[in-house]
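I have placed the structure first, in the form of structure tokens, so that the comments after it can refer back to it.
The values are calculated or read from the model by the stated rules, or taken from the named source; none is laboratory data. A quick note: this is a predicted structure, and the numbers were derived from the prediction, not measured. Positions of Cβ are generated from backbone atoms using ideal geometry, with glycine treated the same way; all protein chains shown enter the neighbour counts. The protein model used for the area step is the full one, side chains on, heavy atoms only, and it has no ligands, DNA or RNA in it. Shrake-Rupley method; radii C 1.70, N 1.55, O 1.52, S 1.80 Å.
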Amino acid sequence: MDENTPRARHERVLVVDDAREIREFLTDYVLYPRGFEVLTAADGLEGLQLAFSEQPDLLIVDLQMPNMSGLELLRRLRTRRVHIPSIVMTAHGSEQVAVKALRLGVRDYVIKPFVVDDMEAAIDRALHERRVVAERDDLIAQLRQANDRLRQRAQQLNALYSIGKSVSSSLDLETILKRVVEAAVYLSGADQGSLMLLNEQGELYVRASKSAGNAVRSLHDRIQDSEAARVLKSRDTAILGGDNYPIHAATTSKAHALAYIPLVANQRAIGVLAVANFKEDRPISTRETRVLSALASYAAGAINNAWLHQRIAAERNQLHAIINQSDNPILVVDHHRRIVVANAASRTVLDLPGGNLEGQPLRDNLQDGELLEFITQTPDTGLMRHIEVALGSGRYRATLTPVKDIGRVLVMQLLSSTVSSRSAP
């Protein structure tokens with residue numbers, strides 16, 4: 001049945017007539033076939049009580065009835081400010097009474113005996129205004145719902161943008177994991193969220209978890225989750241739910257709905273973002289998974305950057321340790337000609353200032369102009385270059401080596417402790 005039919009709108013009609021055959025005729029041949037719900041009353045008093053208690057959409061009232069006439073019923077409704085569209089039925093010759101009823105707000109009248117078509121036409125006229133108002137109200141409600149959905153999506157997009165900037169700007173892995181899980185629970189309205197990462201051995205670990213209303217927990221728990229493993233292999237989002245009530249491996253609890261979103265960085269699956277709902281009738285929608293997929297994309301890039309930063313930091317620390325143990329002057333600068341490492345010997349020989357030099361421009365700290373030009377201006381051919389320089393009381397062979405992802409490394413070897421002029425290699 002079309003959504004505009006009376007039954008779809010649950011329109012109810014109260015028929016008030018002391019003649020049982022009229023009530024049955026209207027019910028069986030006019031109202032039920034058109035989808036109306038029907039209430040009936042055998043006299044005016046009973047009809048008045050039903051009109052007050054049930055508030056029907058339409059009244060079909062006989063004017064001549066025992067206990068209370070149809071006209072009196074309408075007067076009492078009007079006195080109580082109960083405005084129900086009404087049709088009156090009257091015998092031939094009683095048109096003057098029907099006119100009085102019209103003054104009480106009755107929409108139409110039908111003269112007995114009537115045919116089905118006449119009554120149907122009267123019903124359509126009587127309900128026309130109510131239906132137009134109802135349709136208008138429905139459209140307004142739909143518009144408000146659409147506006148609410150658009151507003152909600154705009155809020156989600158703004159939140160996602162802010163979260164993405166926050167996640168992408170951090171290089172601390174634990175901070176990133178916490179922010180991503182918090183964002184996943186917030187954006188999806190889920191009861192629980194967790195983030196799982198693969199280690200170098202290909203084992204899956206839960207690294208962060210959050211339940212709604214609770215703080216994020218940092219974890220390092222190995223997990224066996226066949227669905228997460230399948231998502232890692234396929235790189236496709238998985239949504240689970242229904243009568244089986246899947247077990248959420250991260251919490252070992254039954255969930256009404258689960259979503260697994262792969263984290264992919266540089267064409268490689270590195271982990272899984274999972275959210276779960278434990279309440280009934282709370283599925284995870286396609287719109288929510290799209291938002292979570294966007295979050296997972298931000299997260300994968302940020303996690304990969306954090307890992308890269310950790311590796312570079314570890315390599316740099318190792319480089320620092322090796323360089324600082326050397327008796328030869330060693331100076332490392334990055335691609336922007338900022339100091340990365342300057343060991344104790346280089347500080348002495350090159351007369352570098354004290355304090356922390358890391359990140360400082362070389363030009364502001366190295367006084368020897370020719371050596372500065374050699375380090376900063378030598379074309380980057382990928383080959384080692386040499387120069388001999390006289391510094392202080394000695395002559396040194398300076399070797400400049402380009403190092404990918406770091407910059408340039410200057411290593412100086414003492415050739416003679418006798419001061420001499422500079423010479424090209």
Just for the stretch 189-225: of the residues that are among the charged types (D, E, K, R) and assigned to a strand (DSSP E or B), which one is surrounded by the fewest Cβ atoms within 10 Å (Cβ to Cβ)? 222
Conditions (1) open to solvent by 70 Å² or more (accessible area, probe 1.4 Å); (2) farther than 16 Å from residue 13 by Cβ; (3) touching a residue at least 40 places away in the same chain (Cβ under 8 Å); number of the one not met by residue 103: (3)
Residue list for the stretch 265-294, restricted to those being part of a strand (DSSP E or B) and either touching a residue at least 40 places away in the same chain (Cβ under 8 Å) or in contact with a Ser or Thr (Cβ under 8 Å, 6 or more places away or on another chain) (or both): 269, 270, 271, 272, 273, 274, 275, 276, 277
For the stretch 389-421, enumerate the residues that are of a type outside the set (A, V, I, L, M) and closer than 17 Å to residue 345 by Cα. 392, 393, 394, 395, 396, 397, 399, 413, 416, 417
For the stretch 257-278, enumerate the residues that are among the small types (Gly, Ala, Ser), open to solvent by less than 10 Å² (accessible area, probe 1.4 Å) and closer than 20 Å to residue 222 by Cβ. 271, 274, 276
Within the stretch 321-339, take every residue that is part of a loop (DSSP other than H, G, I, E, B) and farther than 16 Å from residue 413 by Cα and give me the one that is least open to solvent (accessible area, probe 1.4 Å). 337
Could you give me the residue pairs with C-beta distances under 9 Å whose first residue belongs to the stretch 14-25 and is under 20 Å from residue 55 (Cα atoms), whose second residue is of a type in the set (Ser, Thr, Tyr) and surrounded by 17 or more Cβ atoms within 10 Å (Cβ to Cβ) wherever it lies, and which are 6+ apart or on separate chains? 14/40; 15/27; 15/40; 16/40; 17/40; 23/40
Could you say whether any residue in the stretch 158-168 is touching a helix residue (DSSP H, G or I) at 6+ places or on another chain (Cβ under 9 Å), within 16 Å of residue 271 (Cβ to Cβ) and not in a strand (DSSP E or B)? yes
